[in-house]
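Q: One structure follows; several queries about it will come next.
The values are calculated or read from the model by the stated rules, or taken from the named source; none is laboratory data. This is a predicted model, so every value here is computed, not measured. Cβ sites come from the backbone with ideal geometry, for glycine too, and all protein chains shown count toward neighbours.
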Amino acid sequence: MSSAKMDGKLKKPLDYINIVLQIVEHILSWSNPESEATIKMPYLVIESTKKNRRAFIIKSDQIVSFSFPFHIYKEIGCVTTLGKWHVRYKDIDVSTTILSKSRGLYSDYEAYQERKTYQEIASAQNLSDTDMLKAIRLFEMLMITEPAYVRYDYDPKGAKGQKHPLCHFDCNFIDAHHYKIGLHYRINLVQVEDLLDKDTDSWFIAKYKESALEKKKRLKVRFAKIKKGKCTRKCKKRK
């Protein structure tokens, strides 16, 4: 884990590529993980196993998680790279040069996507450059990767009953495909990791249970409406 502040929000597919490239840049300059006792929010946690490859960005009232399709490792016993983290995708060991070229492709596509296809932007690059070809492969991979976005929120300011539960998951970041799953209680990173881990038991969705306080408020509103309705009918009869 490492303290990290990523620029930009996830609102469209291109934002996912931007955030992932920022994380790769952060890891390549990463010396050593920080301890949980001293780390400051927001901080980044990367899970990099054969089955689970995800990034987690943790804030005081929010945990954002999405797929991170790279393998992260350290070379053991190599003096020249001692303490250095490596980021790899299949046969590509991502260097700062490859990362820089990938970010250049991102910037070009962001600027010209309304006028040019990605193929046109890629074909305009120096295709005799081996690092550029690797950057193109990485960018194409990120374009078709399923972001698998899940965000846990504890939202006392925006809470509005069952429509916007105090504790909830937001699934998918594009508005047209976004939905919420309410929770009965607050959870932490360990529980979010457990939910998303393929090797642990599945979670089950439980039907919403109304608290005694919520029931009291609901009945109060209901009786007020009934009382108002009776009063209106009486007034009409008198007229």
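Q: I'd like the full set of residues that are surrounded by fewer than 16 Cβ atoms within 10 Å (Cβ to Cβ) and modelled with pLDDT of 95 or more, limited to the range 156-171.
A: Across the range 156-171, the qualifying residue is only Cys171.
Q: Looking only at the range 37-54, filter to residues that are touching a helix residue (DSSP H, G or I) at 6+ places or on another chain (Cβ under 8 Å) and under 12 Å from Leu189 (Cβ atoms); which one of those is surrounded by the most Cβ atoms within 10 Å (Cβ to Cβ)?
A: Among those residues, the one meeting the criterion is Leu44.
Q: If I ask for residues that are assigned to a helix (DSSP H, G or I), small (Gly, Ala, Ser) and at pLDDT 75 or above, which ones from the range 188-239 would you list? Give the derivation first.
A: Looking only at the range 188-239, we keep the residues that are assigned to a helix (DSSP H, G or I), and these are 189-196, 212-238.
Imposing the further condition that a residue be small (Gly, Ala, Ser) reduces the set to 212, 224, 229.
Correct list: Ala212, Ala224.
Q: Moving on to the next point. From the list Gln125, Gln119, exactly one residue is free of Cβ contacts under 8 Å to residues at least 40 places away in the same chain, closer than 28 Å to Asp93 by Cα and assigned to a loop (DSSP other than H, G, I, E, B). Which is it?
A: Gln125
Q: A further question on this structure: Taking the range 83-116 as the region of interest, how many residues are assigned to a loop (DSSP other than H, G, I, E, B) and exposed (fewer than 13 other Cβ atoms within 10 Å of the Cβ)?
A: Adding up the residues that qualify gives 6.
Q: Conditions: (1) at pLDDT below 90; (2) within 16 Å of the chain's Cα centre (by Cα); (3) of a type outside the set (D, E, K, R). Thr38 meets all but one. Number of the miss?
A: Just one mismatch for Thr38, condition (2).
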